[in-house]
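S.K.: Input: one structure, supplied below.
The values are calculated or read from the model by the stated rules, or taken from the named source; none is laboratory data. In this text the structure is predicted, and so the values were computed from the model without any measurement. Here the Cβ is made from the backbone with ideal geometry for all residues, glycine too, and neighbour counts use every protein chain on show. Only protein heavy atoms, including side chains, enter the accessible area calculation; ligands, DNA and RNA are left aside. Shrake-Rupley method; radii C 1.70, N 1.55, O 1.52, S 1.80 Å.
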Amino acid sequence: MSTLQKFFENLLVIETATILAGPSVGMFLAELGATVIKIENAKIGGDTTRSWKLKSEDPESDISAYFTSVNWGKQSIALNLSDPTDKQILTALLDKADIFLQNFRPDLQARLGLTYAALSQRNQRLISAQIIAYEEQDPRPGFDAVMQAETGFTYLNGQPDGPPTKMPVALIDVLAAHQLKEALLLALMERTLTGQGSELKASLFQSGISALVNQAANYLAADFVPARIGSDHPSISPYGSIYQTADSEQIILAIGTDPQFVQLCHIVGCAELATDPRFQSNVQRVANNVALKDLLAERIKLYSRADLLTQLGAASVPAGAVRAMDDVFAQPAAQEMIHHGQLADGRTIRGVRAISFAMPVGLSAKTLTPPPRLDQDRAEILARIGL
């Protein structure tokens with residue numbers, strides 16, 4: 001086993017974080033090989049998402065589809081932190097831990113004695129990694145739907161003549177989790193050099209702001225307030241535009257250069273558009289985007305999706321299919337991203353991997369066990385790590 005693999009497999013992660021952002025960081029570390037013990041609130045039946053179920057799910061099971069999305073590869077202990085014995089168990093775990101993942105409100109964190117100042121006195125190597133909502137002095141709770149609205153994503157998303165629309169995934173949670181993962185890897189590098197732990201915080205609000213990228217720049221650098229434009233792009237055309245094909249399927253175009261536009265026009269049988277003064281440059285295409293979309297739509301609807309995408313791909317013209325979830329996972333590259341497992345009751349279960357990048361030399365992603373039930377044997381888990 002390589003030194004790098006041993007490094008991660010020797011890590012003990014204690015996770016009290018709930019919902020999605022913090023737990024997704026825990027699953028990422030589990031996939032790297034770390035031991036992740038999820039501490040769940042015994043008073044409310046564990047992580048809140050255990051009860052976030054589709055109508056088609058078993059109402060008696062304590063494992064929901066939502067819960068499985070970010071909890072593969074973990075062990076679970078249900079604790080009541082208002083009980084002195086259970087609180088002592090958490091303290092003992094944190095004394096041995098390398099990383100503490102949490103999203104307690106600052107007031108509750110202080111009341112429980114789980115501030116970094118208190119914990120680091122007992123364990124100087126501990127890295128405390130916390131998801132917070134806004135600034136620390138702002139007591140408002142942080143939920144993704146609100147954060148998408150507060151950071152501008154909801155306002156920008158939707159059709160021009162339609163209402164603001166929330167993204168259908170917990171986008172801000174995902175973005176904050178990535179920020180915290182990056183901070184954690186830096187903190188682990190620093191601890192390797194100094195032997196000292198550190199305190200990390202990733203704000204949902206600021207994670208959303210940092211991800212506005214070009215839309216933020218449109219305002220900050222060009223004094224332009226972006227508005228809803230549907231799937232189109234404000235400064236590239238045709239980019240993001242969706243078209244229906246002859247077989248009632250849909251494709252999306254992402255034309256970023258003039259040569260790509262010329263190739264597109266030739267493939268769909270309207271070469272004259274490439275020399276039309278309205279469309280010869282990207283600036284002109286953006287100015288005349290509505291007319292261009294209508295003209296392209298008339299040509300694209302003459303082709304089947306598969307045939308047209310084959311031709312566009314062969315010519316290196318950026319285009320893709322608009323796919324429903326079953327169609328997404330029919331693709332071989334998506335199949336490679338699936339965890340397969342079996343629950344205690346015999347049901348098979350699948351989930352999406354946390355890691356999608358090629359691993360560094362000397363490190364391989366771990367095949368994870370399915371998400372844990374809440375009634376795992378506490379004594380067995382504690383004995384396994386020497387408590």
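S.K.: I'd like the carbon and sulfur percentage of the solvent accessible area for the chain, probe radius 1.4 Å, heavy atoms only, ligands and nucleic acids excluded.
M.R.: Looking at the chain in its full context, I get 56 percent from C and S.
S.K.: Between Pro277, Pro164, Pro318, find the one with the highest GNM mean-square fluctuation for the chain; connect C-alpha pairs within less than 10 Å.
M.R.: Looking only at Pro277, Pro164, Pro318, the biggest GNM fluctuation is shown by Pro277.
S.K.: Only Cα pairs within less than 10 Å get springs; with that Gaussian network setup on the chain, which residue of Leu296, Leu368, Leu171 has the largest fluctuation?
M.R.: Looking only at Leu296, Leu368, Leu171, the largest GNM fluctuation is found for Leu296.
S.K.: Once the Cβ-Cβ distance between Ile252 and Thr369 is put in as r, and R0 is 51 Å, what FRET efficiency do you end up with, to the nearest 0.05?
M.R.: 0.85
S.K.: Take the chain, connect every pair of alpha-carbon atoms lying under 10 Å apart with a spring to form a Gaussian network, then pick out the residue of Arg50, Arg111, Arg350 with the largest mean-square fluctuation.
M.R.: Looking only at Arg50, Arg111, Arg350, the largest GNM fluctuation is found for Arg111.
S.K.: In degrees between 0 and 90, to the nearest 10, how far off the longest principal axis of the chain does helix 305-314 point, with axes built from Cα atoms?
M.R.: Approximately 90 degrees, to the nearest 10.
S.K.: Additional query: Rounded if a/c is under 1.5, else prolate if a/b is larger than b/c, else oblate: which is the stretch 1-102, with a ≥ b ≥ c the root eigenvalues of its Cα gyration tensor?
M.R.: Because a/c hits 1.5 or more and a/b fails to exceed b/c, the stretch 1-102 counts as oblate.
S.K.: Follow-up. Measure nothing fancy, just the Cα-based angle from helix 289-300's long axis to the longest principal axis of the chain, in degrees from 0 to 90, nearest 10.
M.R.: 80 degrees
S.K.: What does the helix-only formula give at 222 nm for the chain: each DSSP H stretch with n ≥ 4 adding -39500 (n - 2.57), the total divided by the residues, and the result rounded to the nearest 500 deg cm²/dmol?
M.R.: -11000 deg cm²/dmol
S.K.: Let me ask another. Please give the contour-minus-distance gain from Thr275 to Gln5: 0.36 nm per residue of separation, less the Cα-Cα distance, rounded to one decimal in nm.
M.R.: Going from the current span to full extension adds 91.5 nm.
S.K.: Could you give the length gained by full extension between Ile44 and Asp83, i.e. 0.36 nm per residue of separation minus their alpha carbon distance, to one decimal place?
M.R.: Here the answer is 12.6 nm.
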